[in-house]
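Trainee: Handing you a structure now.
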Amino acid sequence: MDPWRYSTQGVSVALRVTPRGGRDDIDGIETLANGRSVLKVRVRAIAEGGEANRAVSELLAKVLGVPKAKVRLVSGTTSRLKQVEIDGDPKQLGEALREAGQYPGRDRKGVR
């Protein structure tokens, strides 16, 4: 099961974030112990003052080819488990997320 849901405005994505992860990248899709699927994301930024949240938004914007303003954190501000909404064409966003989740660590649009 995909860790994102489609809407008329775009997609909503469940994330598991690792701050101070050594690089900014997507590490694939993981199923948690409760059966929930999440997109694993790591960022170099520390989890202080919202820096990691900003880095996650910037990474997703780059990978998906959307402006940063189109990526919104809707829950999990201080948690490793987060929910973000991304505005845009749902079909294109879903395809880009699927590709990013299937090929973790791949150099995507200059991200690394």
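The values are calculated or read from the model by the stated rules, or taken from the named source; none is laboratory data. Owing to the predicted nature of the structure, the values given are computational and were not obtained by experimental measurement. With ideal geometry, Cβ positions are generated from the backbone for all residues, glycine too; neighbour counts draw on all protein chains shown. Ligands, DNA and RNA are stripped out before the accessible areas are found, and what is left, the full protein with its side chains, is counted by its heavy atoms. Shrake-Rupley method; radii C 1.70, N 1.55, O 1.52, S 1.80 Å.
Trainee: Run the Debye formula on the Cα coordinates of region 1-51, all scatterers equal and no solvent, and tell me log10 I(q)/I(0) at q = 0.15, 0.30 1/Å.
Mentor: Here the Debye-derived log intensity ratios amount to -0.48, -1.03.
Trainee: Using +1 at the Cβ of each Lys and Arg and -1 at the Cβ of each Asp and Glu in the chain, identify which of 10, 65, 47 lies farthest towards the dipole's positive end.
Mentor: 47
Trainee: Let me ask something else about it. Over the chain, average the accessible area per residue using a 1.4 Å probe and give it in Å², no decimals.
Mentor: 56 Å²
Trainee: Tally the DSSP beta bridges in the chain and give the antiparallel ones as a percent, rounded to 5. Don't jump to the answer; show the numbers that get you there.
Mentor: Numbers: 21 of 25 bridges.
Within the chain, antiparallel bridges account for around 85 percent of the total.
Trainee: Another question, if that's okay. Give the residue from 21, 38, 84 lying farthest towards the positive end of the charge dipole for the chain; charges sit on Cβ (+1 for Lys and Arg, -1 for Asp and Glu) and the dipole is referred to the Cα centre.
Mentor: So the residue we want is 21.
Trainee: Looking only at 94, 22, 35, which one moves most when the chain is put into a Gaussian network model with springs between Cα atoms under 10 Å?
Mentor: Sorting by GNM fluctuation, first place goes to 35.
Trainee: Using only the alpha carbons, work out the radius of gyration and Dmax of the chain in angstrom.
Mentor: Just the Cα atoms of the chain yield Rg and Dmax of 12.6, 35 Å.
Trainee: Please work out how much length the chain gains when fully extended from residue 92 to residue 32, using 0.36 nm per residue of separation minus the C-alpha to C-alpha distance, in nm with one decimal.
Mentor: Details: separation 60, 0.36 × 60 = 21.60 nm, distance 2.58 nm.
Extending this stretch completely gives an extra 19.0 nm.
Trainee: In whole percent, and with a 1.4 Å probe on the protein chains, what portion of the accessible area of the chain is carbon and sulfur?
Mentor: Accessible surface attributable to carbon and sulfur in the chain totals 46 percent.
Trainee: Excluding residue 11 itself, calculate the net charge of residues whose Cβ lies under 12 Å from the Cβ of residue 11, where each Lys or Arg counts +1 and each Asp or Glu counts -1. Intermediate values should be presented prior to the final figure.
Mentor: Numbers: positive: 5, 70, 72, 91, 98; negative: 2, 85, 87, 89, 95.
Once all neighbours under 12 Å are counted, the net charge is 0.
Trainee: For region 5-14, what does the Karplus curve 6.51 cos²θ - 1.76 cosθ + 1.60, with θ = phi - 60°, yield as ³J(HN,Hα) per residue in whole Hz, taken in order and with x for Gly and Pro?
Mentor: In residue order, the calculated couplings are 10, 8, 9, 5, 8, x, 9, 10, 10, 8 Hz.
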